[in-house]
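The values are calculated or read from the model by the stated rules, or taken from the named source; none is laboratory data. For clarity, every value in this text was computed on a predicted model and none was experimentally measured. Positions of Cβ are generated from backbone atoms using ideal geometry, with glycine treated the same way; all protein chains shown enter the neighbour counts. Please note that ligands, DNA and RNA were not included when accessible areas were found on the heavy atoms of the full protein model with its side chains. Shrake-Rupley method; radii C 1.70, N 1.55, O 1.52, S 1.80 Å.
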Protein chains: 2
Amino acid sequence: MLSKPVSTRPHWRPSEAHDSAASYCLSWRLAVEANDIYAWRTVPTQCLKHVENYMTGGQYERDLNFIMEHIIDYIDTIEVSDDGLDAWILDVDDTCISNLIYYRRKRFGCDPYDPDGFKRWALRGGCPAIPAVLRLFNKLVGRGFKVFLVTGRDEATLGQATLDNLQNQGFIGYQSLILRSMAYKGQSAVKYKSEIRSQLEEGEGYRIWGNVGDQWSDLQGNCTGNRAFKLPNPMYFVP
Amino acid sequence: MLSKPVSTRPHWRPSEAHDSAASYCLSWRLAVEANDIYAWRTVPTQCLKHVENYMTGGQYERDLNFIMEHIIDYIDTIEVSDDGLDAWILDVDDTCISNLIYYRRKRFGCDPYDPDGFKRWALRGGCPAIPAVLRLFNKLVGRGFKVFLVTGRDEATLGQATLDNLQNQGFIGYQSLILRSMAYKGQSAVKYKSEIRSQLEEGEGYRIWGNVGDQWSDLQGNCTGNRAFKLPNPMYFVP
């Protein structure tokens with residue numbers, strides 16, 4: 001007869017291990033969304049499931065819908081002038097249109113950034129609209145705002161595909177799509193996007209009422225607009 | 001024999017109702033921490049339990065510890081000069097010292113702001129240190145940073161109690177505690193704190209390497225420092 005083993009059970013319990021991983025990933029995601037960690041390169045591998053669940057389990061959409069309601073409440077307080085200078089800025093990637101299908105194959109950001117892979121994906125022009133942001137976009141256009149779509153995508157290589165993609169997803173009626181031209185090549189998004197906004201505000205006299213992006217680099221720098229709104233994105237960081 | 005009831009079970013399931021409240025409060029808290037909702041007055045009543053669990057169940061401390069590790073990694077990259085001009089800004093309430101005991105009686109922020117009640121609490125000088133921030137503070141002082149504690153608390157009424165409270169909790173060795181003097185009465189925290197930082201940077205030549213606060217109004221405006229770190233606080237909003 002086998003003797004009963006004594007004290008071979010580890011102190012470590014699976015449920016604790018699970019809780020501790022979940023807690024860590026909650027902390028990590030909070031720090032990302034509050035801009036406490038800078039220039040992170042990949043999602044920590046232990047947070048793959050956490051980020052996958054967040055992005056595909058419904059909470060990401062609920063968070064977007066929640067933020068969008070608040071943006072729309074704010075828009076309803078603005079009196080749009082008839083001088084045509086009331087402006088709004090929207091980022092493109094993972095703001096207007098979604099790269100979730102692509103990032104699913106990149107383990108939701110656990111794999112490092114792959115510029116060639118991303119370019120091939122973007123050239124297909126198949127990013128679906130983010131429904132909550134398309135609703136916001138239509139509201140803005142309907143209220144008479146001049147909507148500027150400002151993206152770090154390279155103008156020369158991705159300009160046409162991006163135009164087509166926005167059109168095939170229903171983003172129709174914006175004032176201008178501004179892509180990264182040769183002059184801004186290699187600049188950080190904060191610097192490039194600040195210069196674009198500064199041209200609009202100081203050069204052309206627009207009043208930027210709002211600015212929406214999934215990256216803090218969309219929202220920081222100069223001429224950031226009267227209100228800035230950060231959309232969630234735990235999959236990648238753009239400096 | 002009882003016949004089997006058909007379709008009397010409601011479509012609504014308790015677990016779904018719970019999930020929906022939890023999801024709402026997750027969205028609410030994310031929007032608060034990412035600065036997407038502005039000038040909110042109270043925590044939504046349906047999020048009382050959520051905020052209580054967050055603040056007292058361990059995740060708040062874990063989030064603070066996580067952010068603090070990243071701040072300390074950043075500090076380790078800074079070469080402190082011997083000119084005595086490397087500065088760091090810390091907010092006081094719910095950054096250095098905690099008002100959680102007080103807010104517990106205010107239903108974790110579900111009750112509206114009570115200026116007299118808060119003043120009575122602050123006058124007692126009994127706010128405990130937030131351990132993770134005290135660790136950061138000691139690290140900063142040890143590395144030779146000039147640490148400025150900048151608070152919106154009224155200098156005339158709360159100056160002595162705040163000095164005593166910081167001392168009794170171990171915040172010793174800072175350069176200066178700056179409270180709101182008559183000149184700044186009625187100003188928003190963004191404006192008041194920006195002016196203080198601007199005096200330090202432009203008036204006195206300090207280099208502000210970091211700025212830590214639980215409110216976005218601690219971190220926005222002018223002279224915001226090389227890096228700003230938002231600590232979680234889902235209990236109240238200071239404009």
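Observations on the structure shown:
- The set of residues from the range B:141-164 being within 17 Å of B:Phe118 (Cα to Cα) and either open to solvent by less than 40 Å² (accessible area, probe 1.4 Å) or assigned to a loop (DSSP other than H, G, I, E, B) (or both) comprises B:Thr151, B:Gly152, B:Arg153, B:Asp154, B:Leu158, B:Gly159, B:Ala161, B:Thr162.
- Any hit, the range A:209-225, residues being acidic (Asp, Glu) and within 11 Å of another protein chain (Cβ to nearest Cβ): yes
- Restricting the range A:45-58 to residues that are open to solvent by 20 Å² or more (accessible area, probe 1.4 Å) and touching a helix residue (DSSP H, G or I) at 6+ places or on another chain (Cβ under 6 Å) leaves a set whose member that is nearest to A:Val133 (Cα to Cα) is A:Glu52.
- Yes/no for A:Gly126 being closer than 29 Å to A:Glu69 by Cβ, without any contact (Cβ under 8 Å) to a residue 24 or more places away in the chain, out of contact with any Phe, Trp or Tyr (no Cβ under 8 Å at 6 or more places or on another chain) and open to solvent by 10 Å² or more (accessible area, probe 1.4 Å): no
- Against the list (1) in contact with a Phe, Trp or Tyr (Cβ under 7 Å, 6 or more places away or on another chain); (2) among the aromatic types (Phe, Trp, Tyr); (3) open to solvent by less than 30 Å² (accessible area, probe 1.4 Å); (4) within 14 Å of another protein chain (Cβ to nearest Cβ), the condition A:Tyr192 fails is (4).
- The requirement of being without any contact (Cβ under 8 Å) to a residue 60 or more places away in the chain and open to solvent by 10 Å² or more (accessible area, probe 1.4 Å) is not satisfied by A:Arg135.
- From the list A:Gln220, A:Gln167, the one residue that fits, being not acidic (Asp, Glu) and not in a loop (DSSP other than H, G, I, E, B), is A:Gln167.
- Restricting B:Asn211, B:Asn233, B:Asn138 to residues that are in a loop (DSSP other than H, G, I, E, B) and of a type in the set (S, T, N, Q) narrows the list to B:Asn233.
- Criterion: in contact with a helix residue (DSSP H, G or I) (Cβ under 6 Å, 6 or more places away or on another chain), closer than 28 Å to A:Ala31 by Cβ and at pLDDT 95 or above - qualifying residue of B:Val141, B:Val147: B:Val147
- When B:Trp12 is tested against (1) modelled with pLDDT under 95; (2) more than 10 Å from every other protein chain (Cβ to nearest Cβ); (3) assigned to a helix (DSSP H, G or I), exactly one condition is not met: (3).
- Qualifying residues in the range A:29-66 (those that are among the small types (Gly, Ala, Ser), in a loop (DSSP other than H, G, I, E, B) and within 29 Å of A:Ile208 (Cα to Cα)) - the one farthest from the other protein chains (Cβ to nearest Cβ): A:Ala39
- Filtering A:Arg180, A:Arg227, A:Arg207 for residues that are open to solvent by 30 Å² or more (accessible area, probe 1.4 Å), over 25 Å from A:Arg135 (Cβ atoms) and at pLDDT 95 or above leaves a single hit, A:Arg180.
- For the range A:72-113, taking the residues that are in a strand (DSSP E or B) and aliphatic (A, V, I, L, M), the one that is surrounded by the most Cβ atoms within 10 Å (Cβ to Cβ) is identified as A:Ile89.
- Single condition B:Thr77 does not satisfy, out of (1) of a type outside the set (Lys, Arg); (2) more than 30 Å from B:Gly203 (Cβ to Cβ); (3) within 14 Å of another protein chain (Cβ to nearest Cβ): (2)
- Taking the numbered list (1) away from every other protein chain (no Cβ under 14 Å); (2) free of Cβ contacts under 8 Å to residues at least 40 places away in the same chain; (3) open to solvent by 40 Å² or more (accessible area, probe 1.4 Å); (4) not small (Gly, Ala, Ser) in turn, A:Glu69 passes all entries but (1).
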